[in-house]
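Chemist: Pasting in a structure now, in structure tokens, and then I'll have a few things to ask.
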Amino acid sequence: MLRRLLGFPWRPATAPTLSAVVRCLSSGAINITVPLNFWAGQRRISQENRKENVYEPATGRVLCHLEQCGEEEVGQAVKAAKSAFGPWSKMSGMERARIMIEAAHLIESRREEIAEMEVVNNGKSITEARLDVDSARLCIEYYAGLASTLAGQHVQLPGGSFAYTRREPLGVCVGIGAWNYPFQIAAWKSAPALACGNSMVFKPSPVTPVTAVLLAEIYAKAGAPEGLFNVVQGGQETGSLLCHHPDVAKVSFTGSVPTGQKIMEMASKGIKPVTLELGGKSPLIIFKDSDLENAVRGALMANFLSQGQVCSNGTRVYVQKDILPEFVEEVVKRTQAITIGDPLLESTRMGALVSRPHLDKVLSFVEQAKKEGATVLCGGEPFVPSDPKLRGGYYMTPCVLGDCTDEMTCVKEEIFGPVMSVLSFKTEQEVLQRANNTTMGLAAGVFTRDVTRAHRLVEQLEAGSCFINNYNITPVEVPFGGFKMSGIGRENGQVTIEFYSQLKTVFVEMGDVDSLF
């Protein structure tokens, strides 16, 4: 459990960690005053003197003030990461793995407090936040297991000569996180980077700056060299400084397509590799032979996790015309039964959206859908909890839109909120063409009892992550990423090692040089 943090005076040498001063947390009961920047082994105060309010989504009250990092702070963090890279990259995979496993154990022991801080930070339900913390831990454990398996290849050449390859780290990597999974994304980016021998400077979203620094403290306590994982806070300017820094070797970003394009452009000036996990407008296709109960469950999971703020959500729900009425009736009934309210309560299944501007944006999409001819079957309205302390929070009722067509804004554009658009289809070929008619390709799902059809369809779906008879499950052993404008590279799975390392080829001549001159 967590304890209140109320006006705690910070002292660089002896300041307790956030977890040490927060217990028995309830929504609206916390003010964070400790620094949220971290490099070279401790929390740091920015010298920029530029502070922005950070709000608690559940209540709408100011949670803390964000100290943005400028050129000097970014330089210090990168310098610390560069210093840590030397000894860390020289360790064996087993040595790195031991420290990462210890970090995973620390996360497990502090699961509840980290989850509660994530709720305060982001607004999602405590039930989901615990699963996010578990995913972070599992990711670190998984890459700790891979750290000692990094190896090259031996190639025999004529005359006894040979060649071999070495898989080597890149150097200082930058991770830029999104606000929907703050702690989890910090782990998803840092775990493969550290396993490969890199160091990292991580910039959380300025909307959710609270929990990344907890991961930095955990890595430090686990025995990582000072500067191995650093956290700098800030917005676009801070991100730009990181992307352009000459000592940064790679940038990994999770967020919107437009921001991803800018990061790719900035990184290109230094020919730096990028991993981009961007937006989506994913299709979920439900055939008439589906198990209807599972299809409804899948549609709810595809649209309402984290208040609908999930890039891979299957928000275009294509239902075969024969079962459309039955499906709609059941999905509306289940949607109306979702418990909205205080995200720290065990009974809550939908918390608050991340900010007031984002809530207003999502609600405007619902209004636009109505103007374009969609029918609001349920929800789509602001929600005011009965608890007085929550009345300033950013809540809305989950929405199901019927009578949707492919030309509508709600079907074409990423809403990033709890809004499901239901469309009907007749034939497999028709729905395949419609499903692929998008510039994005992050995910797609198919519900059917016909296994042959399922595999035939996913082969032709233009999406990086496809689900058959399920949706929005992300085991860390499996690569996650998109096609088309939904991104470049992958997160999780063994293949991600290739995106945080580089291959060196060594030729060894065992005889005389055969020269043409």
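Chemist: For ARG449 and GLU407, what does the FRET efficiency come to when R0 = 41 Å and r is the distance between their Cβ atoms, rounded to the nearest 0.05?
Modeler: Approximately 0.85, to the nearest 0.05.
Chemist: Next question, about the same structure. May I have the pair-distance distribution P(r) for region 116-169, computed from all Cα-Cα distances with 10 Å bins from 0 and rounded to whole percent?
Modeler: Binned Cα distances yield the sequence 20, 24, 19, 17, 11, 8, 3.
Chemist: Just order 368-378, 233-243 by mean Cβ neighbour count inside 10 Å, highest at the front, would you?
Modeler: 233-243, 368-378
Chemist: A follow-up question, please. Within the set of other residues whose C-beta is less than 14 Å from the C-beta of PHE85, count the net charge using Lys and Arg as +1 and Asp and Glu as -1.
Modeler: Charge balance in the 14 Å sphere: +2.
Chemist: May I pose another question? Which whole number in µm²/s is D for region 342-486 by Stokes-Einstein, with the Kirkwood Rh taken over Cα pairs at 20 °C and 1.002 mPa s? List each step's numbers first, then the result.
Modeler: Details: Rh = 17.3 Å.
Result for D is 124 µm²/s.
Chemist: Here's a follow-up. When the Kirkwood hydrodynamic radius is evaluated over all pairs of different C-alpha atoms of region 449-517, what value in angstrom, to one decimal, is obtained?
Modeler: Here the Kirkwood hydrodynamic radius works out to 16.0 Å.
Chemist: Could you order the peptides 274-285, 159-170 from most to least packed, using the average number of other C-beta atoms within 10 Å per residue?
Modeler: Result, highest mean first: 274-285, 159-170.
Chemist: Where in the chain are the DSSP H helices whose alpha-carbon span along the long axis reaches 30 Å or more and whose Kyte-Doolittle mean is at least -1.0? Can you show the working numbers first?
Modeler: Numbers: long enough: 126-147 (32 Å, 0.31).
Answer set is 126-147.
Chemist: What spacing in nm lies between the two simple spin-label points modelled at ASN53 and ASP289, each 7 Å away from Cα in the Cβ direction?
Modeler: Taking the two extended label points, one gets 5.7 nm.
Chemist: Hey, another quick one. I'm checking a number: the convex hull volume of the Cα atoms of region 228-352, normalised per residue, in Å³. What is it?
Modeler: Taking only Cα atoms, region 228-352 has a hull volume of 165 Å³ per residue.
Chemist: Just for the Cα atoms in region 292-366, what are the lengths along the principal axes, largest first, rounded to whole Å?
Modeler: 40, 28, 19
Chemist: Given the pairs LYS51/LYS262; LYS221/LYS250; LYS51/LYS370; LYS189/LYS370; LYS79/LYS484; LYS51/LYS90, which span a C-alpha to C-alpha distance of over 30 angstrom in this model?
Modeler: Those over the limit are LYS51/LYS370; LYS189/LYS370; LYS79/LYS484; LYS51/LYS90.
Chemist: Shifting gears a bit: For the pair HIS244 and VAL155, what calculated FRET efficiency results from E = 1/(1 + (r/R0)^6), where r is the Cβ-Cβ distance and R0 = 56 Å, to the nearest 0.05?
Modeler: Values: r = 38 Å, r/R0 = 0.68.
After rounding, the FRET efficiency stands at 0.90.
Chemist: Okay, moving on. Using Cα pairs closer than 8 Å and at least 6 residues apart in sequence, work out the relative contact order for region 370-517, in percent.
Modeler: Relative contact order for region 370-517 comes out at 14 percent.
Chemist: May I ask you to compute the full-extension gain from GLN460 to ARG166, defined as 0.36 nm times their residue separation minus their alpha-carbon distance, rounded to one decimal in nm?
Modeler: Length difference between fully extended and current span is 102.2 nm.
Chemist: Also, quick follow-up: For the chain, what does the relative contact order come out to in percent, with C-alpha contacts under 8 Å and a separation of six or more?
Modeler: Working: 1219 pairs, mean separation 89.7, N = 517.
Rounded, it is 17 percent for the chain.
Chemist: May I have the extent of the alpha carbons of region 376-434 along their three principal axes, as whole Å values ordered from largest to smallest?
Modeler: 52, 19, 15
Chemist: Could I ask something else about it? Return the inverse of the average 1/r over all pairs of distinct C-alpha atoms in the chain, which is the Kirkwood hydrodynamic radius, in Å to one decimal.
Modeler: This gives a value of 24.0 Å.
Chemist: Sticking with this one: I want the local charge near GLU73. Using Cβ-Cβ distances under 10 Å, sum +1 for each Lys or Arg and -1 for each Asp or Glu among the other residues. Walk me through the intermediate numbers first.
Modeler: Values: positive: ARG44; negative: GLU48, GLU67, GLU71, GLU72.
Taking every other residue near GLU73 into account, the sum is -3.
Chemist: Among VAL34, TYR394, GLN156, whose Cα projects farthest towards the positive end of the dipole of the chain, with charges put on the beta-carbon of Lys, Arg (+1) and Asp, Glu (-1)?
Modeler: VAL34
Chemist: I would also like to ask the following. Can you give the FRET efficiency to the nearest 0.05 for ASN437 and ALA337, using r as the Cβ-Cβ distance and R₀ = 30 Å?
Modeler: Plugging the Cβ-Cβ distance into 1/(1 + (r/R0)^6) gives 0.35.
Chemist: Arrange the peptides 263-271, 343-351 so that the one whose residues have, on average, the most other Cβ atoms within 10 Å appears first.
Modeler: The densest-packed peptide leads the list: 343-351, 263-271.
Chemist: Give the separation of the Cα centroids, region 87-114 to region 227-282, in Å.
Modeler: 25
Computed from the coordinates by the stated procedures, all read-outs in this text should not be read as laboratory data. Since the structure is predicted, the reported quantities are computational estimates derived from the model, not experimental observations. No Cβ is skipped: glycine too gets one built from the backbone with ideal geometry, and neighbour counts run over all protein chains shown.
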